[in-house]
Amino acid sequence: GLAPRDIEQVAAAVRLLAAEDIPAAASLGIIDKQSLQKLKDAGLRRYHHNLETAESYFAQICTTHTYAERVRTARAAQEVGLELCCGGIVGLGETKAQRVELVKALAELAPESVPLNFLNPVAGTRLENIQPLDIGDICRTIALFRFFLPDKNIGVMGGREQLLKDRQDLVFEAGANGFMLGDYLTTAGNSVEADYALVAAAGLDVR
């Protein structure tokens, strides 16, 4: 977790944002309840912390910490009164049953917002040879998440541009509320103008 000094620095930044009436969210990894309370008291509104994948597949992807630690952080954020943004990444080599396992775990947590990422295999990484999901699989996955999370905000994030290409509008038909604008950690996203045009072409309004 973060050192107390780091938490104090983040809290100071949150207080500056809160003073300007700017809604503050944070994504700081595994963190204890006491630190989350300090950030909440400073004005933090939302904490982002994905489960990433199904519990039964987690150890195949991550060995630095446990799935239980991720769940504990997510629940601690809720316990101190923060909104929770919690989702995962699909297409890591998990089975379809494990995708259901993930979405059922998310439904149990009931976060306000659910970011749904799709693996875009990157050369030089351990998953570089994974076969990317096709358009049908992506749409069925979005629909699965909507079925289990009927009243939550589901956003399609990483992998949208690279995997859906000229059919990115399908995320709305499949059940997503929206998507992320801009670039990602390892890949470039669409221009903001292109994404606004995509939303308009789908007959939807930007919120």
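The values are calculated or read from the model by the stated rules, or taken from the named source; none is laboratory data. Source: prediction; values computed, not measured. Quick note on the areas: whole protein, heavy atoms, side chains included, nothing else; ligands and nucleic acids left out. Shrake-Rupley method; radii C 1.70, N 1.55, O 1.52, S 1.80 Å.
Pop out the ³J(HN,Hα) list for the range 47-60 in order, Karplus 6.51 cos²θ - 1.76 cosθ + 1.60 with θ = phi - 60°, rounded to Hz; leave Gly and Pro as x.
Running phi through 6.51 cos²θ - 1.76 cosθ + 1.60 with θ = phi - 60° gives 10, 9, 7, 6, 6, 6, 8, 5, 4, 6, 10, 4, 5, 6 Hz.
Is the range 1-89 best put as rounded, prolate or oblate by its Cα gyration tensor, with a ≥ b ≥ c the root eigenvalues, rounded for a/c under 1.5, and otherwise prolate when a/b is larger than b/c, oblate when not?
Since a/c reaches 1.5 and a/b is larger than b/c, the shape of the range 1-89 is classed as prolate.
Counting only heavy atoms of the protein chains, get the accessible area per residue of the range 140-202 (1.4 Å probe) and round it to a whole Å² value.
Details: 3290 Å² over 63 residues.
Dividing the accessible area of the range 140-202 by its residue count gives 52 Å².
Just to confirm my numbers, what's the Cα centroid distance between the range 124-200 and the range 55-94 in Å?
20
How would 41, 6, 195, 32 line up by accessible area, probe 1.4 Å, largest first?
Result of the area sort, largest leading: 41, 32, 6, 195.
With the chain treated as a Gaussian network of Cα nodes joined by springs under 10 Å, which of 40, 96, 152 yields the largest mean-square fluctuation?
96
Hey, can you list the DSSP H helices of the chain whose Cα span along the axis is 24 Å or longer and whose average Kyte-Doolittle score is at least 0.0? Display every interim value, and only then the final one.
On the way: long enough: none.
For the chain, where a helix must reach 24 Å along its axis and average at least 0.0, there are no hits.
Could you work out what % of the accessible surface of the range 20-111 is carbon and sulfur, using a 1.4 angstrom probe and leaving DNA, RNA and ligands out of the count? Could the numbers behind the result be given before it?
On the way: 2070 of 4320 Å².
Reported share for carbon and sulfur atoms: 48 percent.
Give me the lysines in straight-line cross-link reach of residue 104: C-alpha distance below 26 Å, same-chain residues under 8 apart excluded.
Straight-line reach from residue 104, under 26 Å: 33, 96, 152.
Using only the alpha carbon atoms of the range 5-162, find the Kirkwood hydrodynamic radius as the inverse mean reciprocal pair distance, in angstroms to one decimal.
16.6
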